[in-house]
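The structure appears below as structure tokens.
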Amino acid sequence: MNEIGFIGAGNMATAIIKGYIKHAVSDIFVYDINPEQVQRLAGIGAKPKASAGELAESVKYLFLAVKPQNFGEVLEELKGHVSADTVIVSIAAGISSDYIKEGLGFDVKVVRVMPNTPLLLGCGASALAQIAPATEEEFSFCCEIFKASGEIAVVREDQINAIISVSGSTPAYIYQITKHFVDYAEESGLDRQMALSMFCQTLTGSAKMMTESGYSLDELIQMVSSKGGTTIAGLTSFAEDGLGDMIKKACDCCTKRAIELAK
């Protein structure tokens, strides 16, 4: 039995289901306290369940796609409905496997995942950690689910908090940086939408250069940086203002907050 169930029917659950449902050979079930959310996913092929407990008893892989602050009550509701064969797949930041095991009252199988919002377009980046007694076969199945919506990386559970700064929260940082560049373009008299389109294409092209060109990051920087030219002037300004230190500080703050939220 490889039935999959989702408790929580928000954006991330929607993205995972949309990515995987075309490959699914078993039923995908869903429960949410908001019936409208459930009906929306029913429209793409997921099957509604009347309660979290009923759903848990119907599936092998149980995705907990709820907010961290709601985890405790969900685990309490699931007590007695989760079997030793069930694999709990948690996508919540800060919720440890120990907290899940304690909440359910036994050494349940857990896979922790840190996805990001580009999963909504099928181009996400998800880091997965296997926690015993989940088996290699079960973990591999979970990896395949997330591969349907983008790239994956396998990490240890103690690395999950750090990966948030690398891929989990990073989309927001990229959007913020983009906003500053586009604001500058508009202030300089350029059309805002045109500037956004050009900048996004530059991001896409630059990402491909990093993953497909075979050049190192330093070599790629040098390819754009003519001696005494415009790019060097901008890079020098970044260095003088401590861009590297700013980024490191932001990552440290992100990781620290994840640790503070950990349960």
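Where a number appears in this text, it was derived from the coordinates with a stated rule and is not lab data. Keep in mind that this is a model prediction, so the values were computed, not measured. All Cβ positions, even for glycine, are placed from backbone atoms using ideal geometry, and neighbour counts span all protein chains on display.
Quick rundown of the values:
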item: Charge sum, other residues only, whose C-beta stays under 15 Å from Met194's C-beta, Lys/Arg counted +1 and Asp/Glu -1; result: -3
item: Whole-number Å³ per residue for the convex hull built on Cα positions in segment 129-263; result: 162
item: Among Leu243, Leu41, Leu190, residue whose mean-square fluctuation peaks in a GNM of the chain (springs only between Cα atoms under 10 Å); result: Leu190
item: Neighbour-count ranking [beta-carbon atoms within 10 angstrom, fewest first] of Lys208, Lys227; result: Lys227, Lys208
item: Relative packing of peptides 219-225, 59-65 - highest average C-beta neighbours within 10 Å first; result: 59-65, 219-225
item: Acute angle (nearest 10 degrees) that the helix 170-187 long axis makes with the longest principal axis of the chain, alpha-carbon atoms; result: 40
item: Restraint check, Lys101/Lys263; Lys147/Lys179; Lys60/Lys109; Lys18/Lys101, Cα-Cα greater than 18 Å; result: Lys147/Lys179; Lys18/Lys101
item: Positive minus negative residues near Gly8 (Lys, Arg vs Asp, Glu; Cβ under 14 Å); result: -1
item: Relative contact order of the chain, pairs being alpha-carbon contacts under 8 Å that are 6 or more residues apart, as %; result: 15
item: Rounded D (µm²/s) - segment 29-104, Kirkwood Rh over Cα pairs, Stokes-Einstein at 4 °C, 1.567 mPa s; result: 101
item: Equivalent ellipsoid dimensions for segment 166-218 as semi-axes, Å, which come from the Cα gyration tensor, largest first; result: 24, 15, 9
item: Difference of contour (0.36 nm per residue) and Cα-Cα distance, Leu220 to Ser237; result: 4.3 nm
item: With eigenvalues of the C-alpha gyration tensor scaled by 5 and rooted, the chain, Å; result: 40, 20, 17
item: Residues Lys227 and Thr202, FRET efficiency given R0 of 30 Å [Cβ-Cβ distance, rounded to 0.05]; result: 0.85
item: Kirkwood hydrodynamic radius over Cα pairs of segment 1-150, then Stokes diffusion coefficient at 10 °C and 1.306 mPa s, in µm²/s; result: 106
item: Relative frequency of Cα-Cα separations exceeding 15 Å in segment 71-150, percent; result: 56
